[in-house]
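Notes follow once the structure below has been shown.
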Amino acid sequence: MGPLGYDDAFLTYELAPPSPSPSPSPAGDEDGVVLDYVHFTVGMHPMRRLAWWVAWNIDGLTLYPSDSISRSGQRFKLDPRLRVDQQAGEAVYADNDLDRGHVARRSDLLWGATLEEALQANSDSFFFTNVTPQRAGFNQSGRGGVWGLLENAVLALDGLADRRLSVFAGPVLADADPSYRDLVQLPREFWKVVVYRVVDELRFKAFLLTQNLDGIEPLLPDVDDEFLDDFDTYLVGLDVLEDRTGLTFDGLRDVAGPAGLRSASPQLVTAVEDIDW
């Protein structure tokens, strides 16, 4: 089996995953359970039964093509380290059009010094802790659209040091998210940060994406979608991302500079070629 958990020093610089700010707990002292898997780490939200953030590393030099490692026979499964009521399992997805959407992409995790390591990462990606409920159209759109190509685009950059990436991502867990089956609130938006090193310069880009929940009952009326439309990907500043997610990205603040931290208008991204990497 390969190394467990997200590696802070994967890009040479020490880069910690995000942390709660402030804690969502009424007592103010619960940050949620943190769970390590092969090549990725999940930070569970203490109340929502979903991942608050997932951090993972990608080694492009030892990455297996996704179609070379089958997902056939893999079943989504509960993590035995958590109680059943601490994670959103099969009851959320039965008899509806909700997809079990990976947060850390399966294809991102299929790397390692040995095939066994990549196979274990493949299996670990199917824990429900790495899954959020998504409309089928949203999940399929994400696979084929800009959202699903972000990591691939960075791995193809000229000058990318060691063909390595670190990625943070998760659902935006807003108070106004609609409740479903008295089991879970359905996230309407998702976020992702891609961190990479070009020569000796550490860079990152932060993104937001929405989920259209029409047709999933019950819905909350009069929800303000602000600047985000259905299935659109937006490039945003770090302060916007922190405000949206309730997370703090202290590890990126030394890297960001004024351009990365400023409260700029979100930039609609319709093609990965539009991004100034």
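The values are calculated or read from the model by the stated rules, or taken from the named source; none is laboratory data. Nothing here was measured: the structure is a model prediction, and the numbers come from that model. Positions of Cβ are generated from backbone atoms using ideal geometry, with glycine treated the same way; all protein chains shown enter the neighbour counts.
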Among the residues of the stretch 248-260, is there at least one that is surrounded by fewer than 18 Cβ atoms within 10 Å (Cβ to Cβ), modelled with pLDDT of 90 or more and either in a strand (DSSP E or B) or in contact with a Pro (Cβ under 7 Å, 6 or more places away or on another chain) (or both)?
yes
Mind listing just one residue for me: the one in the stretch 45-86 that is within 19 Å of residue 247 (Cα to Cα) and of a type in the set (Lys, Arg) and, of those, surrounded by the fewest Cβ atoms within 10 Å (Cβ to Cβ)?
48
Go through the stretch 10-23 and count every residue that is surrounded by fewer than 18 Cβ atoms within 10 Å (Cβ to Cβ) and either part of a loop (DSSP other than H, G, I, E, B) or modelled with pLDDT of 95 or more (or both).
6
Checking residue 34 against (1) of a type outside the set (Lys, Arg); (2) in contact with an Asp or Glu (Cβ under 7 Å, 6 or more places away or on another chain); (3) surrounded by fewer than 17 Cβ atoms within 10 Å (Cβ to Cβ), which single condition isn't satisfied?
(2)
Look through 88, 94, 55 and report the one residue that is in contact with a helix residue (DSSP H, G or I) (Cβ under 8 Å, 6 or more places away or on another chain) and either among the small types (Gly, Ala, Ser) or without any contact (Cβ under 8 Å) to a residue 40 or more places away in the chain (or both).
88
I need the full set of residues from the stretch 76-131 which are part of a strand (DSSP E or B) and either modelled with pLDDT of 95 or more or out of contact with any Pro (no Cβ under 8 Å at 6 or more places or on another chain) (or both), in order please.
77, 102, 111, 127, 131
